[in-house]
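Visitor: Dropping the structure in here first, questions after.
Taken together, the values in this text are just the output of simple stated rules run on the coordinates, not laboratory data. As the structure is a prediction and not an experimental result, all values here were calculated from the model. Glycine also receives a Cβ, built like all others from the backbone with ideal geometry; neighbour counts cover every protein chain displayed.
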Amino acid sequence: MLGPSSNTGMPILSRLVNLYETRGIQISTGLNPCHFDNYPLAPFTWFIQDGGSLTNGLGIALQEVYFLECLFARLRPERLFVVGNSLGWSTFALALLNPSARVLAIDAGFDRFSLDGLDFTNRVAAEEGLAITAVKAVSPGDVAPTLQAMRWPRSISRSSTASTRWSRFSSTSTPFGRMRRPAAFMCPRRRGREVARRHRANRRKIFAELGIAARHDFRCRDHV
C-alpha cells in the first residue's frame with residue numbers, strides 16, 4: 001500500500017557510498033562506457049577490495065540511483081521486496097530513500113561472496129538502524145514461503161511496492177527497461193573467448209582509473 005508523497009531528504013549517494021567505504025570497500029559507479037571501449041558494464045556499481053572485485057553481481061548504476069531518488073520523491077511504499085541482493089547496494093538505496101518502509105531482500109547465493117553479502121547487509125542494517133532483512137532464497141520458488149515466514153502479505157507484489165512495475169526489484173546489473181527481471185552479472189562464454197578477453201581488458205581499465213592494481217581472480221560465468 002502506498003502512502004502519501006513526501007520528501008526523503010535526497011540525494012542519498014554520499015550516505016550510500018559511506019556505508020561501504022567506512023568498512024573498507026571501495027565503490028566504482030557511473031563510469032562513462034565511452035572511456036572504456038564502450039564496455040556496457042562500466043556504469044554499474046563495482047565493489048572493490050584489495051585490488052579485486054568482491055562479487056560477480058554488480059549493483060545498479062549511478063544513473064539508476066538518481067532515478068530511484070526521483071521515483072520515491074513521489075511514491076512512499078510501506079514495504080519493498082528486493083530480488084537479488086549481492087552486496088546490498090540497491091537494498092541500502094531503497095532503505096535510505098524510504099526510511100519508514102520495511103525492506104526484504106532475497107538472494108540465491110549463487111554468485112561469488114553473495115552469501116557474505118547477505119551477512120554484510122544485515123550487519124550494516126543493524127548498525128545503521130535500517131529496517132532491512134536479507135535472506136537466502138531463490139526466486140521464484142522461494143518467494144511465497146519467504147513472504148509467509150516473514151509474515152508479509154502474499155499480495156506484496158501488487159499492493160506493497162511503489163507500483164506494479166516495481167513488484168520485484170532486481171538489484172543486479174540490468175538495463176532500465178529490464179529492471180523487473182532478476183539478473184546477474186555475466187560474461188557469457190557462449191559468445192567466445194573474445195568477450196572474456198575484452199571483459200578482462202576493460203576491468204583492468206576500470207581498476208586503473210581508480211588507481212589500483214586488479215587481481216586476476218574475477219570469474220565470469222554463464223547465466224540463463
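Visitor: Which chymotrypsin sites (Phe, Trp or Tyr not before Pro) in the stretch 38-140 sit in a loop by DSSP (not H, G, I, E or B) and have at most 16 other Cβ atoms within 10 Å of their own Cβ?
Guide: Listed in order of number, the matching sites are Phe110.
Visitor: Okay, moving on. Under the Karplus relation 6.51 cos²θ - 1.76 cosθ + 1.60, θ = phi - 60°, what is the ordered set of whole-Hz ³J(HN,Hα) values for the stretch 60-66, x standing for Gly and Pro?
Guide: Those phi angles translate into 4, 6, 4, 4, 6, 4, 4 Hz.
Visitor: Please list, ordered by chain and number, the residues whose modelled amide H lies under 5 Å from the amide H of Gly52; skip anything fewer than 5 residues away on the same chain.
Guide: Placed amide hydrogens put Arg215 under 5 Å from Gly52.
Visitor: Would you mind checking which residues have amide H under 5 Å from Thr45's amide H? H placed 1.01 Å from N; only 5 or more apart, or other chain.
Guide: It is Gly59, Ile60, Ala61, by chain and number.
Visitor: To continue, here is another question. What are the ³J(HN,Hα) values, in whole Hz, obtained from phi via the Karplus relation 6.51 cos²θ - 1.76 cosθ + 1.60 with θ = phi - 60°, for each residue of the stretch 72-84 in sequence order, with x given for Gly and Pro?
Guide: Those phi angles translate into 8, 6, 10, 9, 10, x, 8, 9, 9, 10, 10, 9, x Hz.
Visitor: Would you grab the residues whose amide H sits under 5 Å from the one on Ala105? Only those 5+ places off in sequence or on another chain, please, with H modelled 1.01 Å from N.
Guide: For Ala105, the qualifying residues are Val82, Thr133, Ala134, Val135.
Visitor: I've got another one for you. Apply the Karplus curve 6.51 cos²θ - 1.76 cosθ + 1.60, θ = phi - 60°, to the phi angles in the stretch 112-129 and return the couplings in whole Hz, x for Gly and Pro.
Guide: 4, 6, 5, 5, 4, x, 5, 4, 4, 4, 5, 5, 5, 4, 5, 5, 9, x
Visitor: Please work out how much length the chain gains when fully extended from Arg15 to Arg123, using 0.36 nm per residue of separation minus the C-alpha to C-alpha distance, in nm with one decimal.
Guide: 37.2 nm
Visitor: To continue, here is another question. Once the piece of chain linking Asp142 and Phe67 is laid out straight, how much longer is it, given 0.36 nm per residue of separation minus the C-alpha distance between them?
Guide: Extending this stretch completely gives an extra 24.1 nm.
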